[in-house]
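The values are calculated or read from the model by the stated rules, or taken from the named source; none is laboratory data. Note that the structure is a prediction, hence the values are computed from the model and not measured. Every residue, glycine as well, gets a Cβ built from its backbone with ideal geometry; the counts of neighbours run over all protein chains shown. Only protein heavy atoms, including side chains, enter the accessible area calculation; ligands, DNA and RNA are left aside. Shrake-Rupley method; radii C 1.70, N 1.55, O 1.52, S 1.80 Å.
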Amino acid sequence: QPPRCVSERSLSPLTYPREPSQLCHQKDPKMNYKLISLVAACFAVGSTAALALTNDEHKAEMEKVEATAKADKKACAAMKDNARDICKAEAKGREKIAKAELEQRFKPSPKNEADVKSAKANATYDVAKEKCEDQKGAAQATCKKEAKAAHESAKADMKAEKKAEKAVPAKAANANKG
């Protein structure tokens, strides 16, 4: 026979049930929503705070990025012709991406996140253009057109993503009105 369910309201200190399972739990549907909201808010605030850098950490990381970029560019000096240009484009791209990612870690925001994506797209495009320089004539023109098309596609994807992000809060606001 299952244990009898006892309401918390009917309990006195002398009649408290021996087993926690004997308590009847009345569910409040709003309570689940509040709990989920509280947990989500704590997670969002905690994860952002955990990832954000202090001013000193940001400065130290920026110095590392600049030192790495300087070393990368110095390594390109030993190369010749277009290989050097490609190496420089790759080094410059890595530096811009690293700086954008560092800013996103220092001050997380949608704008800085977009800047990271933009830096990656621009770096890829710049390197692709330099690689096209190895080719001649129609092959070079085709290569540059393909690189430009890929870059334009990446930019269009970023714009669509930005538009979708703006649409989601608007839909949520409209849903809360009704």
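Classify region 55-178: rounded, prolate or oblate, from the alpha-carbon gyration tensor (a ≥ b ≥ c, eigenvalue square roots; a/c under 1.5 rounded; otherwise prolate if a/b is larger than b/c)?
The shape class here is oblate.
If I model a spin label at R84 and E63 as a point 7 Å from the Cα along the Cα→Cβ vector, what separation in nanometres do I get?
With each label placed 7 Å out from Cα toward Cβ, I get 3.1 nm.
Roughly how many Å² of R105 are accessible to a 1.4 Å probe, to the nearest 10?
Accessible surface of R105 is approximately 110 Å².
Stretched out fully, how many nm does the piece from A149 to K136 gain, at 0.36 nm a residue minus the Cα gap?
Extending this stretch completely gives an extra 2.8 nm.
Between S118 and E161, what is the label-point separation in nm under the 7 Å Cα-to-beta-carbon projection?
1.3 nm
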